Amino acid sequence: MTGYIAPLRLRLDGDALLSNWRWLARQGGAPACGAAIKADGYGLGAAGVMQWLKGAGCRDFFVSNWGEAAALEAQMDGVNFAVLHGVRDEDMAQALASRARPVLCTPGQVARWKAAGGGACDLMIDTGMNRLGLDWRADLGELVEGLEIVTLLSHLASADEDSDLNPTQLARFRDVRAAVPAQRYSLANSAGICMGADYGFDLTRPGIALYGGVPHPDAAPHLRPVVQPQAQILQRRAVIAGDTIGYNATHRAERDLEIAILNIGYADGYLRGFSGRGAALVDGIRLPVLGRVSMDLLAVDVGARPDVAEGDWLAIDYDLPQAAQVSGLSQYELLTGLGKRFDRIWA
């Protein structure tokens, strides 16, 4: 509805987003640093993320499917834009009309693209993740003959840990690079960037690190948080000692309490893993979550802040590495699960 102000919002720090991208670009050892903006920009809003990064000089963007691409078609002037899941029969009409390129992942997709005279494309090679991609062991010469391959990609499975699979995938990718001609080659994701220039090739493709997620301990001092959820207080109320809070009475007050009920819950992506573990923040003071997170509501202890009242806004403690540890969720889930009911406000 026109003019509606939601009772929950995401404060999004554009300067932090650009700072993260620039640091990743310097570290990656590649001439170009792109951006994964799939899942609606990892929950931040892909259109806004793309606008900020284009302004800073980013020229390579990646989404998962053609629905995501369609929503951003108007912003594709002057950039390389790729759809990671390739092209199904159902996608062909849109793919042929779009400025986005498919990242072809299967022999069937390659054949489909060739038969349609599709032109420039990207190509995904599976080097050990066993997810999407052409098998690195296959004789690819005849299959890719006639393709205009802009970027040949693979994806690291375990770059966020010290794994023997990382050098194995690197060696396999080098073998494919020697056998399959393309304009550019790309292997490193966020965590791969932290592994050094050997993994950089021509283009890096950060995702989680752009948005303040920490893919590797070495990156932690250099990455700034981009997302700050905030929720409005709907009611401040007193709870007497012995009473319980929330569904199934999982929290019993050991003393008289002052609590605030916030307009946020698991339908917004603040999931039940934060029940009794998460917190809101006011001026650095931690206000613990009490009881279970509900679908739309949350109770926090505001006894330490007698000044907060109905209508005030509280920040949600959402430092990604710490929130992941507290909730049992990954940093990816914490971001991409943020719901549509938030107003997304860039600053």
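Values as computed for the structure displayed
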read-out	value
Hydrodynamic radius by Kirkwood, which averages 1/r over all alpha carbon pairs of segment 1-86, in angstrom	13.9
Accessible surface, 1.4 Å probe, highest first, among residues E148, E90	E90, E148
Size descriptor, Kirkwood hydrodynamic radius, that averages inverse alpha-carbon separations across segment 41-89, Å	11.2
Percentage, to the nearest whole number, of Cα pairs in segment 144-289 over 21 Å apart	62
q = 0.18, 0.21, 0.23 Å⁻¹, segment 208-320: log10 I(q)/I(0) [Debye, one scatterer per Cα]	-0.88, -1.10, -1.26
Segment 126-229: trypsin sites (Lys or Arg not before Pro) in DSSP coil with no more than 16 other Cβ atoms inside 10 Å	R131, R137
Average projection area in nm² (convex hull over Cα atoms of the chain, one quarter of hull surface)	19.5
Rg to Rh, two decimals, where segment 177-259 supplies the alpha carbon set and Rh follows Kirkwood	1.38
Over segment 245-309, volume per residue of the alpha carbon convex hull, in Å³	83
Per-residue HN-Hα couplings for segment 207-222 [Karplus 6.51, -1.76, 1.60; θ = phi - 60°; Hz; x = Gly/Pro]	x, 3, 5, 4, 9, x, x, 9, x, 7, x, 5, 7, 3, x, 9
Gaussian network model of the chain, Cα within-10 Å springs - most flexible of V87, V214, V326	V326
Nonlocal amide H pairs with S98, under 5 Å, H built at 1.01 Å	none
For S190, solvent-accessible area (1.4 Å; no DNA, RNA or ligand), Å²	10
Percent accessible area from carbon and sulfur atoms, segment 29-103, protein chains only, probe 1.4 Å	51
Probe 1.4 Å - accessible area at W346, Å² to nearest ten	70
Per-residue HN-Hα couplings for segment 127-143 [Karplus 6.51, -1.76, 1.60; θ = phi - 60°; Hz; x = Gly/Pro]	10, x, 7, 6, 10, 6, x, 6, 5, 4, 7, 6, 7, 8, x, 5, 4
Nearest-10 value in Å² for the accessible area of V239, using the 1.4 Å probe	10
Helix-only [θ]222 nm of the chain, DSSP H runs n ≥ 4, -39500 (n - 2.57) each, per residue, nearest 500	-6500 deg cm²/dmol
Rg [Å, one decimal], Dmax [Å, integer] - segment 73-205, C-alpha atoms	14.7, 43
Antiparallel content of DSSP bridges confined to the chain, in %, to 5	50
FRET efficiency, R26 to Y4 (Cβ-Cβ, R0 45 Å, nearest 0.05)	0.65
Two-decimal Rg to Rh for segment 86-151 - Kirkwood Rh, Cα set	0.95
If the convex hull is drawn through the Cα atoms of segment 145-192, its volume per residue in Å³	64
Shape box of segment 278-347 [Cα atoms, principal axes, largest first, Å]	35, 26, 25
At 0.692 mPa s and 37 °C, Stokes D of segment 1-159 from Kirkwood alpha-carbon radius, µm² per second	192
Rg/Rh (Cα only; Kirkwood hydrodynamic radius) as it applies to segment 271-312	0.97
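The values are calculated or read from the model by the stated rules, or taken from the named source; none is laboratory data. Values in this document were obtained by computation on a predicted structure and should not be read as measured data. Don't worry about glycine lacking a Cβ; one is built from the backbone with ideal geometry, like all the others, and counts go over all protein chains shown. Only protein heavy atoms, including side chains, enter the accessible area calculation; ligands, DNA and RNA are left aside. Shrake-Rupley method; radii C 1.70, N 1.55, O 1.52, S 1.80 Å.
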